[in-house]
Amino acid sequence: MRRLLFRFLILTGLLLAPAMAWAQAGPQRSERIEAELVSMSRWAAPGSTAVVAIRQDIQPGWHTYWRNPGDSGGATTLNWTLPTGVRAGEIVWPLPERQRLQGLVNYGYEGKVYLPAPVEIPADARPGSTLPLSVKALFLVCSAEMCVPDELTLNMDLPIREGAAPQDSAHGAAIARVLEQAPRPAGITARATLDNGVMTLTATGGPLAGKDPGAGYFFPYAAGTIDHAAAQTGSWGPNGLTLVLGAGGKVLAGGLTGPVSGVLATSEGAFEITAEPGPVLPGATGSGDLAALPDAAPAAQAPGTGWAVFAQAMGFALLGGLILNLMPCVFPILAMKAAALAASAHNARRSRMDGLAFLAGVLVTFLVLAGVLLGLRAAGEAIGWGFQLQSPPVTAGLAVLMLAVALNLSGVFHVGAGLQGAGSGPLARLPGGIGAFFTGALAVIVAAPCTAPFMAFALGAALLMPWPMALAVFLMLGLGLALPYVLVSLSPRLLARLPRPGAWMERLKGLLAFPMYGAALWLAWVFSRQTGADALGLLFVAGLLAAAGLWLVGAGQGQQALGRRGVIHATAGLVLLVLAGGALTLAVRAPVEAAADPAGPEAAAWSAPAVEAALAQGRPVLVNFTADWCVTCKINERTALGAPGVKRAMEQTNAVYLVGDWTRRDDAITAELQRRGRSGVPLYLLYRPGQAEPEVLPQLLTEGVVVEALTRR
C-alpha cells in the first residue's frame, strides 16, 4: 500500500510539473498592468534569431512610456537573465501615442502593447531541449493623478527544434504586425537648422519623394531636443517635407551642436531619421500643408478628478505645514522665531514687517527647493523631498551655518551692527527685515527633511502634478509653516502681553542660542554618518576656525569707529574664516566610510527580493524607511522600534526587520517611496503573508502601536 501511494505521488508530481511551470511562465499582474513574455514563433532553430515580446495589458486610465517619455515619465526597462550563449537585443519600439495632460505632452502606450526584442540562439543549442528565458521588466505606470513603478519578473521556456518555425497561434500575428509597422531607416536624408528658438527639420528622398505624406510629426529620441507640447507645422514639396518645431531646453541652452535623431511619422509610415545640422534641403518645401498627427486620448479619464485631488492636496499641505511647527526638526528655528518676536514685540510696524519678511523667506525658499526638485525629477533624477540633506556638502555647510547663528545669538558678533546707528530711516530697519527673511529661509532648509501628518499625501501628489499645480501645493505648505508666526506678528494684543524690552531680551537670546548649538551638533552627526570619522574631524576643525574667526570679527566690531585695533581684529577674523572654508572643503572631499547600523531590532538591508523571500517563508516583514537627517525617524527608532516590547513581539511572530537607509541617495528607495505615494521619510510598512498590500503604520510611532500591529492577525 505504501509503495502504491508513493508511485501515485510521483505520477501526480509529473502531471502537475508542466502546469506549475506554465503558471510560473504565464502572465504576471499588478493592480495596474498585466505582463507576459511571449514568442512570435512556436520554437527556435539552433543558430537563428528568435523574436520574443513583452506583452502589456494596461488597465484603463493608465499608460506606460516610449523610449523618450516626453515631458515626464520613464521608459520601460528590461534586465535579462539568459542561458550561456544566448543574447537579447534592444527593444523594437512601436510608434507611441501622444498623451496630452494640461500643458504637458508625453509619449507612451495604452491598452494592449507588444514590445518585441530579438534573441540570438547559439548554434550549439540542442534540438529537443528548451531555453529558459527570464526578464525583469520595470514599468512606470501612470494615470492622471499618480505614477507607480511596477517591477515584474517574466519567464518562458523557448523550445529548440530544427527547421523553420511557424508563428505562435496566440501572439505571433500581433508581434509580426508590430515589427512590420515599427519605425525603420528608409534612405531618407534630413537636415536641421535652429533660428531664434525655432528648429526647422527638412527630410527628402526614400518613401517621401513624389508623394503627399499627409500628416507629419517628429518624435525625438533624446529628451530636451524639442518642445514636446508645441505644435508641429510644416509643408511638403516634390522631394519631401519640412517641419517647424519648438526647440527644447537642451538645444536652447547649448545650441544645435550635433545630429538630431528620432522617428518621422507620416501617413506613408514611420521612419527613423538622423538630421545633421545644415541648411534646408531643396524640394522639401512647397504649397502643400501638412496635416497634424492627432493626439491620443488625454491621460485624464475623469474630468474634474485632477482638480479634486489638487484641492485635497492644497488643504493637506496647509495642515501639514501647521503641524510641521511641532516636529522636532523645527525646534531650533523656533528659538530664532522667539528671539525675533521678543525683539519687536512692542513695535507694531516693525513686527508686521518682520512677520511678512519671514513669510517671504519661507515661501521663496520653498519655491526654490520645489523648483529644483521638480526640475531634477523631470530630468530623470530619482530624488525626493529632503534631498538637500542627502548631500554631505550641504549638511556640512549647514552645520557651520548653525554654529554661526548660535554664536550670533550668544553675542559673539553682530549682523548689521554698522547699519543700526545709521539713523531712524529705512536703513535702521534693514537688518531686522533681512534677519526675518533669513530665518524663514533657514526654517525651510532645516525643516524640509521632516514630514508631518498630512504632508505625505500632499507632497506625493504634488510630485505627480503639472508643475504650476505642484508649486502651488509647495507654497501652501510654506504658508502653513509660517502662518503661526505671521498671525502673532500681526496681532498687537498678543504682542502686548510680552514684557517690555530690557536686559531680559539679551538673556533670552543667550538661552535660545543653545538649540542652535544643538542643531549644529546634530548636523555634524548626520555628516559623520554620511562620510566617516576622518571627515567629521575636518568638519570640527572648520567649525573651530569659523568660531575663532567670528569671535575676532565681533571683537573688531566692538572697537570704536573701527580703529587700527578693530581693523586688525577684523582682518585676522576674515583670514580664519577663509581657512575654515578650506577645512570645510577638505571635509566634504574626504573618503566615505561605511555607516553604522540604525537603532532598533536586528536589521537587514531593505530590498524588494528580501521582502518577497521573507513572505515566501511565511514570515511578516516590518520595513523602516529612514534617514539619519530625519529627526522624527531617529526618535521613533529610539523610543518605539528599539523598545523591549517590540523586540519581544518580533521574536514571537518570527518577523523580519528591514531598513531602507535614505541618508545618502538611493534610487531604489526613492522609487518605493513614490510607489507608496510618499516623497520622503519616515515610512513604515508591515507586510503579512497572504496579503497583497502592506499596512502603512503612522509616522509618529509608539511601542504599543508597533506591538499591536505585529501581533494583530
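Residue selection: Leu201 satisfies the criterion of being part of a strand (DSSP E or B) and hydrophobic (A, V, I, L, M, F, W, C).
Being outside any loop (DSSP other than H, G, I, E, B) and either free of Cβ contacts under 8 Å to residues at least 12 places away in the same chain or of a type in the set (Ser, Thr, Tyr) (or both) is the filter here; which residues of region 221-236 pass it? Listed by number, the residues that qualify are Thr233, Ser235. In region 672-686, the residue that is least open to solvent (accessible area, probe 1.4 Å) out of those that are at pLDDT below 75 and not in a loop (DSSP other than H, G, I, E, B) is Gln674.
Inside region 642-671, can you point out the residues that are open to solvent by 10 Å² or more (accessible area, probe 1.4 Å), under 26 Å from Ala317 (Cβ atoms) and either in contact with a helix residue (DSSP H, G or I) (Cβ under 7 Å, 6 or more places away or on another chain) or part of a helix (DSSP H, G or I) (or both)? Within region 642-671, Arg665, Asp667, Ala671 meet the criteria. In region 513-528, the residues that are farther than 10 Å from Val405 by Cα reach residues that are surrounded by 21 or more Cβ atoms within 10 Å (Cβ to Cβ) and hydroxyl-bearing (Ser, Thr, Tyr) with C-beta atoms within less than 6 angstrom, at least six apart or across chains, in these pairs: Leu523/Thr395; Val526/Thr395; Phe527/Thr395. Scanning region 99-139 for residues that are at pLDDT 90 or above and charged (D, E, K, R), we see that the one that is farthest from Leu264 (Cα to Cα) is Arg126.
Scanning region 28-70 for residues that are basic (Lys, Arg) and modelled with pLDDT of 90 or more turns up Arg42, Arg55, Arg67. All conditions but one from (1) over 30 Å from Asp227 (Cα atoms); (2) open to solvent by 30 Å² or more (accessible area, probe 1.4 Å) apply to Glu110; the one that does not is (1). State whether one or more residues within region 293-307 are of a type outside the set (Ser, Thr, Tyr), assigned to a helix (DSSP H, G or I), within 27 Å of Ala223 (Cα to Cα) and modelled with pLDDT under 80. Yes, because at least one residue in region 293-307 is of a type outside the set (Ser, Thr, Tyr), assigned to a helix (DSSP H, G or I), within 27 Å of Ala223 (Cα to Cα) and modelled with pLDDT under 80.
Note on region 390-433: residues that are surrounded by fewer than 17 Cβ atoms within 10 Å (Cβ to Cβ), assigned to a loop (DSSP other than H, G, I, E, B) and either at negative phi or modelled with pLDDT under 75 (or both) total 13.
Restricting region 205-220 to residues that are of a type in the set (Gly, Ala, Ser) and open to solvent by 40 Å² or more (accessible area, probe 1.4 Å), the residue that is nearest to Ile273 (Cα to Cα) is Gly206. Contact map, region 172-189: residues that are among the small types (Gly, Ala, Ser) paired with residues that are in a helix (DSSP H, G or I), Cβ distance under 6 Å, separation 6+ or inter-chain. Pairs shown: Ala186/Gly206; Ala186/Pro207; Gly187/Gly206.
I'm trying to understand the selection: among the residues of region 236-273, which are open to solvent by less than 70 Å² (accessible area, probe 1.4 Å), of a type in the set (Val, Ile, Thr) and under 32 Å from the mean Cα position of the chain (by Cα)? The answer is Val251, Val260, Val263.
Taking the criterion of being touching a residue at least 40 places away in the same chain (Cβ under 8 Å), of a type in the set (Ser, Thr, Tyr) and out of contact with any Leu (no Cβ under 8 Å at 6 or more places or on another chain), the residues of region 82-134 that qualify are Tyr107, Tyr109, Tyr114.
When the residues of region 71-96 are filtered to those that are closer than 24 Å to Asp227 by Cβ and in contact with a helix residue (DSSP H, G or I) (Cβ under 9 Å, 6 or more places away or on another chain), the one that is modelled with the lowest pLDDT is Ser72.
The values are calculated or read from the model by the stated rules, or taken from the named source; none is laboratory data. Just so we're clear, the structure is a prediction, and the values are computed from it rather than from any experiment. Because the Cβ atoms are built from the backbone with ideal geometry, glycine has one as well, and the counts that use them run over all protein chains shown. When the accessible area is computed, the model is the full protein with side chains, heavy atoms only, and any ligands, DNA or RNA have been set aside. Shrake-Rupley method; radii C 1.70, N 1.55, O 1.52, S 1.80 Å.
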